[in-house]
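Please treat every number below as a calculation from the coordinates, not as lab data. Note that the structure is predicted; figures quoted are calculated from it, not measured. So basically every Cβ, Gly included, is an ideal-geometry build from the backbone, and we count neighbours across all protein chains shown.
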Amino acid sequence: MYHYLKWAAFSLFLKRNLRYLLFILVSILGIYGADAIYRDLVDYAVATGQKGMILYLLLGKWSIVIALSILLVYSIMRLGFGKEGSSIKGEKKKRPKSPENAGKSSNEEDEDPILQRLEKFKTKGKLKRRSELLMERLEKEKRKG
């Protein structure tokens, strides 16, 4: 079972971070590709005697390398294992501070279905069984009909 949990966690990680993993792959391949193309163009410029072109090739190569390095660092920083940090910060903002605000539903609480389900357990009333709910519903129908 542990084997399945490992693969489930790994597939969830890949699913959540696919975009950033692709950016990392493109950045690394782009940096190596830019270096290979630069070397070929410098060899061609030296062979044809156009040594003045080497400076522009070098500037072009380093501008591409810097841009791809920034994309690489950004992608690595955005890579994450989950949204625990953002959900903890969000929960602190969503909690009402006073009991008067607890009865009112704000837009933020309406958006989170888990908090809505937990609201019914915050009251100290008696939890009813299905049979009790069914009996109450039948009594209401008898009163109406």
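Tabulated results
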{"read-out": "Backbone N under 13 Å from the residue 67 label point (7 Å along Cα→Cβ), restricted to the range 33-56", "value": "34"}
{"read-out": "Computed label-point distance, nm, for sites residue 133 and residue 76 using a 7 Å Cα→Cβ extension", "value": "5.2"}
{"read-out": "Full-stretch length increase - residue 142, residue 29 - with 0.36 nm per residue and alpha-carbon distance subtracted", "value": "33.3 nm"}
